[in-house]
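Colleague: The structure under discussion is supplied below as structure tokens; questions concerning it will follow.
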Amino acid sequence: MRIEAVHATPGYSGFFFDDQRAIKRGAARDGFAYLGEPVTDGFDAIRQAGEAIVVDVELADGRHARGDCAAVQYSGAGGRDPLFAADEYAPAIEGPVAEALVGRDATAFLDNAEVLESLEVDGDRLHTAIRYGVSQALLEAAAEALGTTKTDVLADALGTEPATEPVPVFGQSGDDRHVNAEKMFVKGAPVLPHGLINSEEKIGSNGEALLEYVEWLVEGAQRLGPDEYEPRLHVDVYGMIGEIFGEPYDGTAVVDYFAALEAAAGPYPLQIEGPMDVGGRTAQIDAMCELRDALRDAAVGVDLVADEWCNTFEDVRAFVDAGAADLVQIKTPDLGGIHRSGQAVGYCEGTDTRAYLGGTCNETETSARACAHVALATDAAQVLAKPGMGFDEGYMIVENEMRRTIARRARDADRSGADSDPEPEARVTTDD
């Protein structure tokens, strides 16, 4: 099945672009917006509307396959690609990208995705958001042409055995960290609540606010959750533990604080994402290794999640090789082609680092559904509910896409088995 055309239409994503550096420096809230001037290149305001590019790959038989180009909420921070302006980047898709892909066989997903991944314009690689969105459309095009699921296309490309149950979904609360967490309890979300602990006000000058919040999570899970509910608590602190303990911080005090967090979590496992941000990949790996070793020596069972400075496939590999985290967040838009996210999950296989297939609230429903197939194809440890910060919508999109796909694959397997059954032997009768 031939690719006939590639179309790009600027649109909106599921949340906003935020200048993380300005927020961490104490930018004051003004309702939903922030007061003050941005400090990260490309931003016109500390919070501005998220943008996306809707990509349509047109096939020879008239069918269309879709993907959405989107970038993370905190674009331009922690070594990521710059702010993604849809009007600026759409011409590259209908120009050089289309020229590279038109005429190619749509069934050859991995080959097509690698062509896209290696493409350069004026000596530069394509923005990660472009590679992310166009590769989603290439994945759907292959599935349509082959008459199969996107999970199966990915599993074939990556050499994996897909999961037969939904991958645990991680809910994110946004700033409405109490009401949205209660929604997660009622729906029995397996991993929660993210929490968005990105300022001293939210963590407390000595970490006391986060301790109280973790205690509240335990009480709420037990009060509102379904019978035998055993969630995994996962809180993103955006480097704020490092901030409040100072750099270089007192290692003993930090370990004691993690022990207090573990006690507050009570019966539930606890994961802390981004405990510090020291400004570069090598330094971040060293700091995470030091903290992980110290927690292990003190028998503190809190897992560390790598986020800052862990963006590309090469970054994921570096964190995993160093043993710097118990989980690495694979931020899907930051890896470029969607197959790269699958390869990053696979790189964690056989190590003591688990793969969290993440991304951002600032994606779209199309990219979220595509990522659900990556999660299934690779059997990741957990997958993010996205887009948006309202929880319900993202949870529904990702969970239902996985359930729908598992059910379809089971039906296809049943039909395949029935088609391959031998014909029943003819009954031989004799006349009396």
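The values are calculated or read from the model by the stated rules, or taken from the named source; none is laboratory data. These figures come from a predicted structure and were not determined experimentally. The area values use the complete protein model at the heavy-atom level, side chains included, leaving out ligands, DNA and RNA. Shrake-Rupley method; radii C 1.70, N 1.55, O 1.52, S 1.80 Å.
Colleague: Working from Cα positions, state the angle (0 to 90°, nearest 10) between the long axis of helix 313-322 and the longest principal axis of the chain.
Modeller: In the chain, helix 313-322 runs at an angle near 60 degrees to the longest axis.
Colleague: On to the next question. For V121, list long-range residues whose amide hydrogen, built 1.01 Å from N in the peptide plane, is under 5 Å from its own amide hydrogen.
Modeller: Amide H neighbours of V121, under 5 Å, 5+ apart: L126.
Colleague: Please state the equivalent ellipsoid semi-axes for segment 117-261: what are the square roots of 5 times the Cα gyration tensor eigenvalues, largest first, in whole Å?
Modeller: In descending order the semi-axes read 38, 25, 14 Å.
Colleague: How big is D for segment 1-94, in µm² s⁻¹ as a whole number, if Stokes-Einstein is applied with the Kirkwood radius of its Cα pairs at 4 °C and 1.567 mPa s?
Modeller: 88 µm²/s
Colleague: Checking the a/c ratio against 1.5 first, then a/b against b/c, what shape does the Cα gyration tensor give for segment 61-144?
Modeller: Prolate.
Colleague: Rounding to the nearest 10 and keeping the result within 0 to 90°, find how far the Cα-based axis of helix 365-378 lies from the longest principal axis of the chain.
Modeller: That works out to roughly 80 degrees.
Colleague: Here's a follow-up. Picking from E182, E365, E219, which is most flexible by a Gaussian network model of the chain using Cα springs under 10 Å?
Modeller: E219
Colleague: By DSSP, what percent of the beta bridges with both residues in the chain are antiparallel, rounded to the nearest 5?
Modeller: 50 percent
Colleague: State the percent of C-alpha pairs, over all pairs in segment 295-348, separated by a distance greater than 17 angstrom.
Modeller: Every Cα pair in segment 295-348 considered, those over 17 Å come to 34 percent.
Colleague: I would also like to ask the following. What is segment 67-199 by shape, rounded, prolate or oblate, if you read a ≥ b ≥ c off the alpha carbon gyration tensor as root eigenvalues and call it rounded for a/c under 1.5, prolate for a/b larger than b/c, and oblate otherwise? Walk me through the intermediate numbers first.
Modeller: Details: a/c = 2.86, a/b = 1.37, b/c = 2.09.
Oblate shape, in that a/c is at least 1.5 and b/c is the bigger or equal ratio.
Colleague: Moving on. Please list, in chain and number order, the residues 5+ apart from G50 or on another chain whose amide H is under 5 Å from its amide H, with Hs placed from the backbone.
Modeller: S13, F15, F16, F17
Colleague: Could you give me the ³J(HN,Hα) list for segment 409-416, computed from phi with Karplus coefficients 6.51, -1.76, 1.60 and θ = phi - 60°, whole Hz, x at Gly and Pro?
Modeller: Residue by residue, segment 409-416 yields 4, 5, 5, 4, 5, 5, 5, 5 Hz.
Colleague: Report the Stokes-Einstein translational diffusion coefficient (µm² s⁻¹, integer) for segment 235-307, Rh taken as the Kirkwood radius over Cα pairs, at 25 °C with viscosity 0.890 mPa s.
Modeller: For these conditions, the coefficient is 201 µm²/s.
Colleague: Ignoring everything but the protein chains, give the 1.4 Å probe accessible area of T282 in square angstrom, nearest 10.
Modeller: The value for T282 is about 100 Å².
Colleague: Shape call for segment 204-351 from the C-alpha gyration tensor, a ≥ b ≥ c root eigenvalues: rounded (a/c under 1.5), prolate (a/b greater than b/c) or oblate? Walk me through the numbers before you get to the answer.
Modeller: Details: a/c = 1.94, a/b = 1.26, b/c = 1.54.
Verdict is oblate for segment 204-351.
Colleague: So if I restrict to the alpha-carbon atoms in segment 179-259, what is the Rg, and what is Dmax, the biggest pairwise distance, in Å?
Modeller: In Å, with Rg to one decimal and Dmax whole: 14.0, 44.
Colleague: Helix 338-348 sits at what angle to the longest principal axis of the chain, using alpha carbons and giving 0 to 90 degrees rounded to 10?
Modeller: So the inclination is approximately 70 degrees.
Colleague: Keeping the other protein chains in place, figure out the carbon and sulfur percent of the accessible area of segment 137-293, with a 1.4 Å probe.
Modeller: 46 percent
Colleague: Accessible area per residue of segment 1-120 at 1.4 Å probe, in Å²? Working shown, then result.
Modeller: On the way: 5270 Å² over 120 residues.
Computed with neighbouring chains in place, this is 44 Å² per residue.
Colleague: While we're on this one: Note down the relative contact order for the chain as a percent, whole number, built from C-alpha pairs under 8 angstrom at least six residues apart. Working shown, then result.
Modeller: Numbers: 926 pairs, mean separation 75.0, N = 432.
Across the chain, relative contact order equals 17 percent.
Colleague: Amide H of Q382: which non-local residues (sequence gap of 5 or more, or other chain) have their own amide H closer than 5 Å, using H built in the peptide plane?
Modeller: Distant-sequence amide H within range of Q382: L357.
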